[in-house]
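Computed from the coordinates by the stated procedures, all read-outs in this text should not be read as laboratory data. Here the structure is a predicted model, which is why all the values come from computation and not from measurement. Don't worry about glycine lacking a Cβ; one is built from the backbone with ideal geometry, like all the others, and counts go over all protein chains shown.
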Amino acid sequence: MPQDSTYILNEIADTSQLPDSVRQAFREASQSTGHGSGGTIVHPYSQQVRDNGIPWGVIGLFLVAACLFVLLKYWRYRFLVNKISRIYEEKKQAYHDILWGNNPYYKSLETENRDRFIRRTIFFMETKEFKYIDIEEEERIPLLISATAIQLTFGLKNYLLDYFKTIYVLKDNYRYGLSAVPFEGHVSDEGIYLSWNNFIRDYNDYADGENVGLHEMAHALTYVNFTAQDGIDSSFRKKFYEFSPIARPIFTRMQQGESTLLDKYAATSYEEFWAVCIETFFERPFPFREKLPDLYFALCRLLNQDPSTKGKILSSSETA
């Protein structure tokens, strides 16, 4: 696996669900009035200026602006929901055919879960801007890349990776920064970068434990939850603290030279260990479960899914 750049981890919705960023805006607007934060509401006619000297007019303008911001986000969300419903009705068979022929995870899903998978994939795709570098745009490219993100987050409540607005698609290996090693993909605060030829090759060979799409989406998921903290899935964050005590000793032993089922690139850093675990978890679930059962089931709990089972999702209540 070639080098990629990531940020250091903190060690320590279905379409009917509001994105995390919208709910956060509601909370911030509520807290600014004192509700839910232990604050006291002072009537504007009984006191024209707060103790801190800020005029009530300024506070009122701030609250109006906050409310408008929340409403705009909500209206955008409702527009997206309606748009996605139209796209689903128009494209569901075409998208099913593309996913069936290119994504083994989708193909292994039970019938009722395929509908949910397609809807989530469309929602993800419609919230991102795809930029193409030295490659022609194709209908299947944003669909299959979005499906990879949904594959990883299929058991989670917040699955849109809200922080990332842009996904860059390059034709093949590329240079990044001062590195002399070519990249297949990387994640930065600018967006998610993927080389298409490597992406589609890895899905065509879905048994070797190498998948640049899953690898970079794994980095994106931890970036959202621990670095940007925009689009956080609270259950994922909580369970990551439970995952690390199981994963860290294995990572340490690999750094000391121990050979495991995981690709040796996992010993590069703990961030790469995490991403390689994800690749192996989805592409080689049965040997992973046999050789490293504690680590495998820790990942199952963390992602709320078990790819070695037909139903995949462990608890539907955590995705609602």
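Figures for the structure shown
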quantity	calculated
Hull-based mean projected area of the stretch 259-320, where the convex hull spans the alpha carbons, in square nanometres	4.4
Cα gyration tensor category, rounded, prolate or oblate, for the stretch 172-242 with a/c compared to 1.5	oblate
Contour excess over end-to-end distance, with Cα ends at Lys310 and His96 and 0.36 nm allotted per residue	75.2 nm
Global form of the stretch 74-136, assessed from the alpha-carbon gyration tensor, a/c cut-off 1.5	oblate
Low-density loop positions, GluC sites (Glu not before Pro), the stretch 81-183 - DSSP coil, at most 16 other Cβ in 10 Å	Glu110, Glu136, Glu137, Glu138, Glu139
Where labels lie 7 Å past Cα in the beta-carbon direction, separation of Trp56 and Leu80 in nm	3.8
Cβ-based net charge around Arg140, under 13 Å, with every Lys or Arg adding one and every Asp or Glu removing one	-4
Label zone at Arg237, where the point sits 7 Å out along the Cα-to-Cβ direction: the stretch 286-320 residues whose backbone N lies under 19 Å	302-304, 318-320
Gain upon complete extension [Arg253, Glu110; 0.36 nm per residue less C-alpha separation]	47.7 nm
Neighbour-limited loop hits for trypsin sites (Lys or Arg not before Pro), the stretch 171-247 (at most 13 other Cβ within 10 Å; DSSP other than H, G, I, E, B)	Arg175
Relative contact order %, the stretch 57-137, counting alpha carbon pairs below 8 Å whose residues are six or more apart	32
Antiparallel DSSP beta bridges within the stretch 114-203, as percent of all bridges there, nearest 5	35
